[in-house]
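Comments concern the structure below.
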Amino acid sequence: MGSLTSCSRPAYSLSPNPTPYVYNSPTEYYLYLPSHYVPDRDWPLFVGIHGFSGDGSECLRMWQSYAEQEGFILVCPSLGDKSGGWYVDQGEANLHGILRQVQKDCRVQKRFFLAGFSAGAEFAQAWIFDNPRTVTAAAVLSAGNYYEPVLAAQDIPFLVVIGDQDDPLSLENARMFTDRLKQDQFWAELVILPGVGHKVTQKALELTISFFQQVYGRLP
């Protein structure tokens, strides 16, 4: 008779103390568990993607206090290579591996909230349109370029945030991207921040968390 070990439930051995956890495989990533986390239910998962030349630690600094306040598990991968950028295919493979490990280590919902800044916002779009059944909603913050929407991702709400002092072409592309999403019957919102260049502001963080609250307030 075959073993049933492979069908056993995960141990969910991680606890909030110590936290954040730092891992190096399949690439560096940071995992933060709220202080009130216990594996008694499937918790919301929030994945933050850094910009060019950044790493997961900058997303940890951005989102950690909100993870504690809002009660979500936070994952912040470092996807860049030595040049500071990354190939989408390798980044997606790394994130798939990270998600598989997180699902073994702690109880999380199957679909997650995805937020990315700059090149990370471009990666977030690529991930969503390649893996539409994995994401609950997305915050696209100050992307330089935008992808053609894929209708299979139509149930994923998008928040698009950019400063009016960012690159003019990026600003126009943000408008066109949001308009296209709406034409394709996506739930999409564009917020243009006055006097803001190419950076993540406190207002952008607050808008993202407000969007997270709206989306998760609609879930069963």
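Observations
- Checked against (1) surrounded by fewer than 20 Cβ atoms within 10 Å (Cβ to Cβ); (2) not in a helix (DSSP H, G or I), A143 passes all but condition (1).
- Exactly one residue out of A93, A11 is surrounded by fewer than 21 Cβ atoms within 10 Å (Cβ to Cβ), at pLDDT below 95 and of a type in the set (A, V, I, L, M), and it is A11.
- Residue, farthest from the chain's Cα centre (by Cα), within segment 38-59, restricted to residues that are surrounded by fewer than 22 Cβ atoms within 10 Å (Cβ to Cβ) and in contact (Cβ under 8 Å) with a residue 40 or more places away in the chain: D40
- Complete set of residues in segment 42-89 that are among the β-branched types (V, I, T) and touching a strand residue (DSSP E or B) at 6+ places or on another chain (Cβ under 9 Å): V47, I49, I73, V75
- Residue match in segment 174-182 (condition: under 21 Å from A67 (Cβ atoms) and of a type outside the set (D, E, K, R)): no
- Some residue of segment 34-57 being within 28 Å of S142 (Cβ to Cβ) and part of a helix (DSSP H, G or I): yes
- Annotation note: of T178, T136, the sole residue that is of a type in the set (S, T, Y), crowded, with 20+ Cβ neighbours inside 10 Å and in contact with a Lys or Arg (Cβ under 8 Å, 6 or more places away or on another chain) is T136.
- When Q103 is tested against (1) within 13 Å of the chain's Cα centre (by Cα); (2) within 20 Å of Y29 (Cα to Cα); (3) not in a loop (DSSP other than H, G, I, E, B), only condition (1) is not met.
- Residues of segment 60-77 satisfying the condition of being crowded, with 20+ Cβ neighbours inside 10 Å and assigned to a loop (DSSP other than H, G, I, E, B): F72
- A count restricted to segment 31-67 and to residues that are among the hydrophobic types (A, V, I, L, M, F, W, C) and within 15 Å of A115 (Cβ to Cβ) stands at 9.
- Qualifying position, being assigned to a helix (DSSP H, G or I), free of Cβ contacts under 8 Å to residues at least 40 places away in the same chain and touching a Gly at 6+ places or on another chain (Cβ under 8 Å), among E122, E92: E122
- Of all residue pairs spaced 6 or more apart or on separate chains, those with beta-carbon atoms under 6 Å, a first member in segment 197-209 that is surrounded by 15 or more Cβ atoms within 10 Å (Cβ to Cβ) and a second member that is assigned to a helix (DSSP H, G or I) are I209/Y66.
- Exactly one residue out of F211, F186, F177 is under 19 Å from Q125 (Cβ atoms) and outside any helix (DSSP H, G or I), and it is F186.
- Residue in segment 165-173 that is in contact (Cβ under 8 Å) with a residue 12 or more places away in the chain and in a strand (DSSP E or B) present: no
- Residues within segment 14-37 that are in contact with a helix residue (DSSP H, G or I) (Cβ under 7 Å, 6 or more places away or on another chain), of a type outside the set (A, V, I, L, M) and in contact (Cβ under 8 Å) with a residue 40 or more places away in the chain, tallied: 7
The values are calculated or read from the model by the stated rules, or taken from the named source; none is laboratory data. Because the structure is a prediction, the values reported are computed rather than measured. When we count neighbours, we look across all protein chains shown, and the Cβ atoms used for this are built from the backbone with ideal geometry, even at glycine.
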